[in-house]
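See structure below.
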Amino acid sequence: MAPETLVRPYEALAESLHPTGSRDQRMQLVVDTLFEALKETGVSWVGFYQDRPGEPDERRLVLGPCRDKPACSPIGLDGVCGKALLSRRPQIVLDIRDLGAAYIACDPSDRSEIVIPLAEQGGRCWGVLDLDSHDVAGFDESDERGLSLVLQAASFQTHQPPDC
């Protein structure tokens, strides 16, 4: 499914969220909301990875709430999630085959990915939101904007300060 023909309802999803509770509860709310709304639009997986700074780099990111199948955990900082966390910038991968060894393959059917880094109010980056698709070019900048809108509606900070 080409991104230019795809309309995902991010604004409506953001308006539908009524976040309460702990970070874990809000992560689960976001995962469930996104997966249920986007699974028919080419999204094959949605999940959070949380940073564990005290762990060795190859075990730093631990899987949090996710849908709809198991995923690798822990993962290192050498993949797309690690790059998003370390650079403090969203990552859009149009075709994961272009990454070669830099791609951590949890599902061999995945072809594209988007990862949004997250920060606490004090600036410490604590994790990422990761979405996969079985379609090449399954995500673009409109997804980045839309996912940021949904995350902000769930009380997550997506725009990191420069020293994050």
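Looking for whichever is closer than 18 Å to Gln28 by Cβ, in a helix (DSSP H, G or I) and within 15 Å of the chain's Cα centre (by Cα) here; the options are Leu129, Leu147, Leu85, Leu63. Which one fits?
On the way: Leu129 fails: in a helix (DSSP H, G or I); Leu85 fails: closer than 18 Å to Gln28 by Cβ; Leu63 fails: in a helix (DSSP H, G or I).
Checking each option against the conditions leaves just Leu147.
If a residue must be under 19 Å from Pro74 (Cα atoms) and either touching a Gly at 6+ places or on another chain (Cβ under 6 Å) or surrounded by 14 or more Cβ atoms within 10 Å (Cβ to Cβ) (or both), how many such residues does the stretch 92-133 contain?
19
Do you know which residues across the stretch 66-76 are surrounded by fewer than 17 Cβ atoms within 10 Å (Cβ to Cβ), farther than 26 Å from Pro9 by Cα and either of a type in the set (Val, Ile, Thr) or under 15 Å from the mean Cα position of the chain (by Cα) (or both)?
Scanning the stretch 66-76 gives Cys72, Ser73.
Condition check ((1) of a type in the set (D, E, K, R); (2) touching a His at 6+ places or on another chain (Cβ under 6 Å); (3) at pLDDT 95 or above) across all residues:
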site: Leu29; (1), (2), (3): no, no, yes
site: Tyr49; (1), (2), (3): no, no, yes
site: Arg60; (1), (2), (3): yes, no, yes
site: Cys66; (1), (2), (3): no, no, yes
site: Gly76; (1), (2), (3): no, no, no
site: Ile92; (1), (2), (3): no, no, yes
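Looking at the structure I just gave you, is Asp163 farther than 21 Å from Arg67 by Cα, modelled with pLDDT under 95 and not in a loop (DSSP other than H, G, I, E, B)?
no
Taking into account only those residues within the stretch 28-60 that are hydroxyl-bearing (Ser, Thr, Tyr) and either within 26 Å of Arg124 (Cα to Cα) or exposed (fewer than 14 other Cβ atoms within 10 Å of the Cβ) (or both), which is farthest from the chain's Cα centre (by Cα)?
Looking at residues that are hydroxyl-bearing (Ser, Thr, Tyr) and either within 26 Å of Arg124 (Cα to Cα) or exposed (fewer than 14 other Cβ atoms within 10 Å of the Cβ) (or both), I get Thr33.
Quick check, is Glu113 closer than 21 Å to Ala137 by Cα, acidic (Asp, Glu) and either modelled with pLDDT of 95 or more or out of contact with any Cys (no Cβ under 6 Å at 6 or more places or on another chain) (or both)?
yes
Quick check, is Ser73 touching a strand residue (DSSP E or B) at 6+ places or on another chain (Cβ under 9 Å), among the polar types (S, T, N, Q) and more than 27 Å from Gln152 (Cβ to Cβ)?
The answer is no for Ser73.
Within the stretch 91-104, restricting attention to residues that are small (Gly, Ala, Ser) and free of Cβ contacts under 8 Å to residues at least 12 places away in the same chain, which residue is nearest to Asp135 (Cα to Cα)?
Per the criteria, the residue is Gly100.
The values are calculated or read from the model by the stated rules, or taken from the named source; none is laboratory data. What you see is a predicted model, and the numbers here were worked out from it, not measured in a lab. Cβ coordinates were reconstructed from backbone atoms using ideal geometry, including for glycine residues, and neighbour counts include every protein chain displayed.
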